[in-house]
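What follows is one structure encoded as structure tokens, with my remarks underneath.
The values are calculated or read from the model by the stated rules, or taken from the named source; none is laboratory data. Since the structure is predicted, the reported quantities are computational estimates derived from the model, not experimental observations. All Cβ positions, glycine included, derive from the backbone under ideal geometry; neighbour counts span all protein chains shown. Note: accessible area is taken over every heavy atom of the protein model, side chains too, but ligands, DNA and RNA are not part of it. Shrake-Rupley method; radii C 1.70, N 1.55, O 1.52, S 1.80 Å.
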Amino acid sequence: MNVLNSLASGPSTLADFLSSSKEQYLQDARNGSGKAKEWTVVMGNEAGDLDSIASSIAFSWLRTKVLHQPSVSLLRMDRDDLNLRAENLHALALAGVSRPKDQLLFVTDVTNYHPFPSHKFALVDHNRLSSAFTPEGQPLVVAIVDHHADENLYVDSAEPRIITPSGSCASHIVTLLSSLTVEIPPELATLLLSAILIDTDGLKPGGKAIDVDRKAADFLLPRSTFTSSVNMLETTDAAPSGPVFNPEFIQSLSDELSTKKNDVSHLGPRDLLRRDYKEYEFVLPWHAAEPQIRAGLSTVPVKLEDWAVDGKLETEGEAWMKERGLHILGVLTAYRGATKGKRKREMAWIIRTDTPPTDGFDFDALTERLWSGLEADSVLELKEHKNFAHGTQGPISVPELRVRCYIQNPHATRKVTAPVLKAIMEAET
Ligand SMILES: [Mn+2]
């Protein structure tokens with residue numbers, strides 16, 4: 001059967017599209033006839049938030065149905081890790097994807113294949129292909145849609161290559177979809193809208209949403225599975241409403257999703273550290289022989305006091321660092337303060353000195369650079385953490401670890417912190 005025809009003219013619900021593209025992709029990867037090379041693998045970033053999932057699903061749909069290029073969305077997480085984010089399961093269910101573990105393609109479904117069966121990649125919600133994807137021959141990045149700092153890669157091969165700020169990467173995908181005369185499945189509109197609302201705090205004025213996000217939400221709502229309920233709200237409303245954009249409905253959907261997102265009470269420290277996690281490699285030009293180190297940044301929606309005290313930051317942090325082979329771990333907490341529910345953020349940094357990247361590695365120099373670089377940054381606005389300045393066990397807790405915690409600018413997310421860390425590590429002098 002011809003992959004292209006069957007996908008292009010196939011069943012129309014989002015769930016059917018996802019399961020059939022997954023099944024056909026795996027079939028082509030299994031039979032090893034090189035057919036998997038015809039596919040474009042569409043990936044979000046490894047943190048696996050709803051933005052990455054919705055963007056990769058939507059972009060794979062667009063390429064397949066509109067551009068007639070067979071494409072499959074690949075989730076860069078273990079199948080069971082989907083449980084770490086209740087808001088993802090909820091949004092997928094709203095979008096009719098009720099058995100996501102069966103219907104979606106996970107990175108663990110394809111790790112058995114060496115080399116990686118495909119070489120064409122489309123990157124959404126990030127713009128550097130992970131070194132984990134090593135196909136036979138050169139990988140080809142054929143498209144990028146992202147809202148992180150541009151690493152200036154694949155300028156000759158990626159088309160489109162859209163890397164520009166927005167609250168949500170999904171909004172850029174919606175801009176592409178809205179420029180085409182194509183009807184999108186209502187479930188896809190629902191999924192994309194959910195991602196935008198999560199990323200922008202329900203499009204809150206003065207928040208992360210910019211114009212492209214608001215326009216995208218306006219486009220999606222009337223095309224989503226919510227149209228009937230929204231219309232109902234409008235007809236029962238005494239005031240005649242102009243645009244389809246319905247603030248009350250947007251607010252309630254957004255509250256529903258963020259309640260799910262923030263309920264992490266069932267997760268222990270290890271799961272908190274890995275549920276929203278990104279990893280980086282840096283070559284250090286300022287150190288003799290230019291060694292390479294590995295760093296991780298975990299975003300945790302709970303303040304340190306509620307999960308990391310009594311040395312748990314140090315023991316659980318160290319365990320995760322050993323599992324991932326990290327020299328540096330940054331734990332970025334985001335939560336609401338007790339008074340007035342104001343947004344707050346903390347940072348806990350751990351340097352682990354027991355496995356140097358090279359013989360005679362200078363951890364003192366690394367430590368000094370990290371502390372002074374972070375503390376000098378004008379956007380992060382770090383202040384000493386009164387309770388845990390040197391970690392949750394004081395200055396001499398675990399000898400192989402160096403720990404510092406700060407209070408930071410409540411608006412600076414990992415999108416800000418990651419480039420700051422990169423600049424500190426990759427400074428020439
Ligand atoms: Mn994103």
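Miscellaneous remarks
- To put it simply, the accessible area of the chain at a 1.4 Å probe is 51 percent carbon and sulfur.
- Taking the chain as a Gaussian network of alpha-carbon nodes connected by springs under 10 Å, the highest mean-square fluctuation of the residues T225, T200, T358 belongs to T358.
- Segment K344-T429, extension gain: residue separation times 0.36 nm, minus the distance between their alpha carbons: 27.3 nm
- Reachable lysines, given that their alpha-carbon falls under 17 Å from the alpha-carbon of K278 and they are not under 8 places away in the same chain: K322, K415, K422
- Contour minus Cα-Cα distance for A319 and N262 (0.36 nm per residue): 18.1 nm
- Taking every alpha-carbon pair in the chain and binning the separations at 20 Å intervals from zero gives 25, 55, 20, 1 percent.
- Cut-off 9 Å between beta-carbons: net charge of the residues surrounding E400, Lys and Arg +1, Asp and Glu -1: 0
- Accessible surface, per residue, of segment 277-337 when the full set of protein chains is kept, probe 1.4 Å, Å²: 37 Å²
- Rounded to the nearest 10 degrees, the angle from helix 227-236 to the longest Cα principal axis of the chain is 80 degrees.
- For the chain, DSSP calls about 50 percent of its internal beta bridges antiparallel.
- Potential lengthening between E305 and R79 on full extension [0.36 nm per residue; Cα-Cα distance subtracted]: 78.3 nm
- Candidate lysines for bridging to K37, where Cα separation is under 24 Å - those fewer than 8 sequence places away on the same chain excluded: K22, K65, K120
- Counted charge near I163, where neighbours are those whose Cβ lies closer than 9 Å (Asp, Glu -1; Lys, Arg +1): -2
- Accessible area per residue in Å² at 1.4 Å probe, computed on segment 3-250: 41 Å²
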